[in-house]
Amino acid sequence: MTTVDPRLIPLPAADWTEQGRAMLRGRLKRADQYLSGASDAPPLPNILGILGHHPELGGAWLAYNGLLLERATLDPRLRELAILRVARRTRSAYEWDQHSRMARDLGIPVGTIEDIACGETAHWPDVDRLVLAATDELLDRYRVCDSTWTALTAHLDTRQLLELLFVAGSYLCLALVTNSVDLQPDPPTGSATTAHDSVREE
């Protein structure tokens, strides 16, 4: 974060347009709860409030991100390791906060999350270490190096490899957004109830 006050305030649920509400419905299971305005309604995650400013873009993002999170072949645990590494490397406080909680909900130990933050992964299982190495190479060189790619092919199939690349790239994109609008972390709710855990009803 570079300023005290956010550059862009998340749009409160009460201020969403009908177009924005229609965008959210059908993409998030809890859309009606978020938008209801009821006293017991779950708080609208801040990232959804940002997307509410641009419903067309928000709808496209949620549909795409929903595929990566809900209909992917990549192990969710490996996905979260990559996302957390992107969040740490890009200093995205919002992304780190959200996905630390999601990682814990998946059973990833706190010690492993701390390892991601400090880069101490030499003792990790090979596939976990390779996922972080690939993520670092994408951030540093914009390309996974030959030796890392070859080693990953022993653990991941073609679809999983492609998904790993898209996960790292997508969450880099999201980190650029959250950092640039100075998006603040959501208040703690006890679990990672976010835009990401509830995608797409079909």
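The values are calculated or read from the model by the stated rules, or taken from the named source; none is laboratory data. As the structure is a computational prediction, the values presented were derived from the model and not from experiment. Because the Cβ atoms are built from the backbone with ideal geometry, glycine has one as well, and the counts that use them run over all protein chains shown. SASA here: full protein model, heavy atoms, side chains in, ligands and nucleic acids out. Shrake-Rupley method; radii C 1.70, N 1.55, O 1.52, S 1.80 Å.
Points worth noting:
- At R0 = 22 Å, FRET efficiency that the Cβ-Cβ distance of Asp40 and Gln184 yields, to 0.05: 0.45
- Ordering Leu57, Ala72, Ser39 by the projection of their Cα atoms onto the charge dipole of the chain, which places +1 on the Cβ of Lys and Arg and -1 on the Cβ of Asp and Glu, puts Leu57 at the extreme positive end.
- ³J(HN,Hα), Karplus 6.51/-1.76/1.60, whole Hz, each residue of the range 36-43, x for Gly, Pro: 5, x, 5, 5, 9, 5, x, x
- Packing around the peptides 68-78, 118-128, taken as the average count of other Cβ atoms within 10 Å per residue, puts them in this order, highest first: 68-78, 118-128.
- Residue-wise HN-Hα couplings along the range 88-93, as the Karplus relation 6.51 cos²θ - 1.76 cosθ + 1.60 with θ = phi - 60° gives them from phi, are 5, 5, 8, 6, 8, 4 Hz; Gly and Pro carry x.
- With every protein chain in place, the range 75-140: carbon and sulfur % of accessible area (1.4 Å): 48 percent
- Using a probe of 1.4 angstrom and keeping all protein chains present, the accessible surface of the range 1-84 works out to 50 square angstrom per residue.
- Extension reserve of the Asp105-Thr73 stretch, reckoned as 0.36 nm per residue once the Cα distance is removed: 9.6 nm
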